[in-house]
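Here it is, the structure, as structure tokens.
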Amino acid sequence: MIGHPRVYLDGEPLTHVELVEGSPSVTARRSGDELVLEVTPRLHAGQQVALVRSSPTRVALVFPSEMLASCGQILGEGIRVPAEQRARVAKLLDALSSVVAVQSDVGETSDTRKEVAANTR
């Protein structure tokens, strides 16, 4: 159904909806003196697809990999880590970033990242 030209909202047959393939991500955010790690969108056991409405006329279908579904089961509703463990969380996020999108406002990165010059073309 992704990209199909004739998808409409239920109950609103004149409202065209664009279906796109989305991708899951791991998010890390500050919450007081803790860091919260979550898989988004949250998936329930056995769920094979998640629908994420990104605008009134756009819906992303997210198909999680087996590995990401396992991460979601481990993290559940999210785990809380003391903020002083920020460096360890940054290393974990760096490792995860090679297999899944990572969104973070933790503000620290590990030493494994390399700076790359921007392409000016």
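Does anyone have the angle between helix 86-96 and the longest principal axis of the chain? Alpha-carbon axes, 0 to 90°, nearest 10?
Once rounded, one gets 50 degrees.
To test your reading of the geometry: what angle, between 0 and 90 degrees and rounded to tens, separates the Cα axis of helix 66-75 from the longest principal axis of the chain?
Long axis of 66-75 versus the principal axis of the chain: about 60 degrees.
Taking the beta-carbon count within 10 Å as an exposure proxy, list 9, 35, 14 from fewest neighbours to most. Mind showing how you got there, number by number?
Numbers: 9 13, 35 24, 14 6.
By the 10 Å Cβ count, ascending, the order reads 14, 9, 35.
Going 7 Å from the Cα of residue 20 toward and past its Cβ, which residues in segment 38-76 have a backbone nitrogen under 18 Å from where you end up?
40-41, 50-64
Every read-out reported here was derived from the displayed coordinates using simple, explicitly stated rules and does not represent laboratory data. Note that the structure is predicted; figures quoted are calculated from it, not measured. Here Cβ is always computed from backbone atoms with ideal geometry, including for glycine, and neighbour counts include all displayed protein chains.
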